[in-house]
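Please read the structure below before turning to the comments.
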Amino acid sequence: GEKEVHQKEQDSLHIERENFLLKIFQQEEGTVTEKQKKALFPEMKCGFFFVMKLVDGKDADRLKQQIERLSPFQSITVQNGNYVVSLFVSTKEQSKLDSLLLAKKLQTLYENSLWIGIGYSYSLVGQLYKSYHEALQTLHVLKKNKRVHYSLPLLTEMKADGVNGEELFFPLIQGDFQTAWMITKELLDEVDQTELYV
């Protein structure tokens with residue numbers, strides 16, 4: 001009946017979206033087009049990646065479900081070797097804090113058994129792979145340092161005028177948004193302040 005037809009359509013859309021995701025991070029140059037993006041994610045203004053690793057490597061399916069449940073964004077998640085990779089699709093210009101807050105919620109669920117590298121958001125389809133690589137590199141840095149479980153590249157790499165990521169991270173993780181907010185504002189001066197809200 002109609003229901004089955006609809007289900008088939010949903011399934012094939014899901015598969016196409018997964019393929020879209022795989023192509024992005026396998027970075028087959030030019031294989032992912034604006035046209036595909038429009039067909040698969042018509043509302044998409046920009047996208048960004050999470051690359052995640054579960055400490056015991058199990059239960060990627062549960063993680064997928066949690067992401068779907070918690071994410072304010074449309075998302076597509078695949079398992080890639082030891083990693084779980086998600087592309088988040090935002091219908092508005094992306095605030096960095098939205099992605100940090102989502103990571104914090106996920107990490108809270110998993111306590112210390114989940115690492116999350118977060119990539120910046122990009123509006124051009126041809127640049128989405130950058131977000132994947134940023135997330136992947138960040139994940140490697142986090143696993144080496146073993147202190148903080150989720151981060152944007154900014155906070156692991158950047159020493160903005162002597163403000164380093166850890167100064168921001170510890171207040172954020174402890175839920176001290178006031179302090180974190182002041183430091184965030186310092187770090188993100190170059191970003192339009194009106195976009196940033198907690």
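Annotations for the structure displayed:
- FRET efficiency for the pair Glu68 and Glu111, taken as 1/(1 + (r/R0)^6) with r the Cβ-Cβ distance and R0 = 25 Å, rounds to 0.80.
- Accessible solvent surface per residue of the stretch 6-88, calculated while the other protein chains remain in place, 1.4 angstrom probe, Å²: 55
- Rounded to 0.05, the FRET efficiency of the Leu13 and Asn80 pair, given R0 = 22 Å and the Cβ-Cβ distance, is 0.60.
- Overall shape: prolate for the stretch 13-134, with the ratio a/c of the largest to smallest alpha carbon gyration tensor axis at 1.5 or above and a/b above b/c.
- Ordering of 80-92, 9-21 by burial proxy (mean other Cβ atoms within 10 Å per residue, highest first): 80-92, 9-21
- Lysine pair number, Cα distance threshold 16 Å (strictly under), the stretch 32-121, separation 8 or more or different chains: 13
The values are calculated or read from the model by the stated rules, or taken from the named source; none is laboratory data. The structure displayed is predicted, hence computed values, not measured ones. Note that each Cβ is placed from the backbone with ideal geometry, even for glycine, and that neighbours are counted across all protein chains shown. Side chains are part of the model used for accessible areas, which takes the heavy atoms of the whole protein and leaves out ligands, DNA and RNA. Shrake-Rupley method; radii C 1.70, N 1.55, O 1.52, S 1.80 Å.
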